[in-house]
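The values are calculated or read from the model by the stated rules, or taken from the named source; none is laboratory data. Note that the coordinates shown come from a computational prediction; the quantities given were computed from them, not determined experimentally. In this analysis, Cβ positions are derived from the backbone assuming ideal geometry, glycine residues included, and neighbour counts consider all displayed protein chains.
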Amino acid sequence: MAMQRRNGENMSTDRYISPLSERYASREMQYIFSQDMKFSTWRRLWIALAETEMELGLSENGKPVITQEQIDELRAHVNDINYDVAREREKQVRHDVMSHVYAYGRQCPKAAGIIHLGATSCYVGDNTDIIVMREALRLVHKKLVNVIAKLAGFADQYKELPTLAFTHFQPAQPTTVGKRATLWAQEFLMDLEDLEYVMGSLKLLGSKGTTGTQASFLELFDGDQETIDRIDPMIAEKMGFRECYAVSGQTYSRKVDTRVANVLAGIAASAHKMSNDIRLLQHLKEVEEPFEKNQIGSSAMAYKRNPMRSERIASLSRYVMIDALNPAVTSATQWFERTLDDSANKRLSIPEGFLATDGILDLCLNVVDGLVVYEKVIRKHMMAELPFMATENIMMDAVKLGGDRQELHERIRTLSMQAAKAVKEEGKDNNLLELIAADSGFHLTPEELKEAMEPAKYIGRAPRQVERFLADAVKPVLDANREELGVEAEINV
């Protein structure tokens, strides 16, 4: 097999390799969806089940069915998974869970007979999926908090720097660079609220049997309803959860996956919006994402500095937003207590949604941390448009000097159209102030008009709004999650 080495590791070059693992997602997120994480969690769940059955006194003819010696044997082999044995067994039986039951039993001969006792495949499969999603959400949470923190720092730094605002991507009343950043941060805060709610609502499936009725445990425990009621709570506690879903079919409701995927899609939408704004600002040469010393912007145009990281954010974000449809459709098309057409789709949509979101957040961290602001360009653009935006103030000053508002309004409208025509059709500079100064109806000198051209006069309460937002909305979140702060993103390519 053709192989090459990358970062000291073997990498196949003759088959498809997901770019999510090779280019975008962090090693930490990749581990969460790794085989080691999956199958060691299966083993921990089998231990939790066996331990619960032992503690509840499962016996046969007065003798315990499960012993502490068997539990200890199982614990000794949680992480040293004999993948070769499992793979060979699966070729024969075509069943992944039973292949790993067999492989685990080969390592634990004393406990082989009690592994998976009373359970169905979804006991390990679905409970592991919930555990893995919770771990992945925790990592997403940490990175999202850090994106918010970096945006907060950027907003505070530039809270007083006037810049043109845009509606319909047409110049509008000025705002500040920092105020615009709070709009990005606020959407990420909304995503954080959604994430925390969904993460806090996750429950284990528990052990409910083939159709969710716990019939197998009714048999194992001789119909003892009170004892059987204790099984799920005990398993949940052992696996670090508050509780299990009260009812289920064979699987937990696939609506759970839908809720999780929608959280990821929300983060992606927020990141996409921010990255689009940055791309547009880079076109205007006002703000630029990080550009490394040896980075090449174009293979043909050597001078170019393309916003490739923001473009990648947008690209991955579109994938995540569309990917959220997969769990939704899967949830809607499950038949009765279960059907297996969820499996192949779920193996793709959930891990890839998380891996892509992880890559998006790393890119967001990198971009926001290295944003370059070109203040002189921002001011140049501002001053080119400010005469139009200052007309209301100019008109009010002229009224104070005895002018008629209605007449002045018509004069200033006419002069504005004249100046705009010169800018658009003749490529001239905006000469509206000169036209106003030359109009005797305004009684304003060029010096007086120039005083009206201070951008800070037109940004309203933007600096104050930034301060209040950071103090009231962001600081409590950062204080509550201070142990998660300090993440630095590593971008592979």
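Annotations for the structure displayed:
- Scope region 362-394; condition farther than 30 Å from Q406 by Cβ, out of contact with any Leu (no Cβ under 6 Å at 6 or more places or on another chain) and either buried (at least 21 other Cβ atoms within 10 Å of the Cβ) or among the hydrophobic types (A, V, I, L, M, F, W, C) (or both); matching residues: D362, L363, C364, L365, V367, L371, V372, V373, V377, I378
- Selected residue [over 23 Å from the mean Cα position of the chain (by Cα), aliphatic (A, V, I, L, M) and modelled with pLDDT of 95 or more] from L264, L284, L280: L284
- Scan of region 301-349 for residues that are closer than 27 Å to W184 by Cβ, in a helix (DSSP H, G or I) and among the hydrophobic types (A, V, I, L, M, F, W, C), ordered by number: M308, I313, A314, L316, V320, M321, I322, L325, A328
- Restricting attention to region 58-97, the residues that are hydrophobic (A, V, I, L, M, F, W, C), more than 30 Å from E226 (Cα to Cα) and either in a helix (DSSP H, G or I) or assigned by TED's automatic domain parsing to the domain that holds E219 (or both) add up to 3.
- For region 27-57, a residue qualifies if it is surrounded by 20 or more Cβ atoms within 10 Å (Cβ to Cβ) and outside any helix (DSSP H, G or I), and exactly one does: F33.
- Subset of region 428-467 [more than 46 Å from the chain's Cα centre (by Cα), among the hydrophobic types (A, V, I, L, M, F, W, C) and assigned to a loop (DSSP other than H, G, I, E, B)]: F442, L444
- The set of residues in region 176-186 being buried (at least 19 other Cβ atoms within 10 Å of the Cβ) and either of a type outside the set (F, W, Y) or not assigned by TED's automatic domain parsing to the domain that holds I360 (or both) consists of T176, V177, G178, K179, R180, A181, T182, A185.
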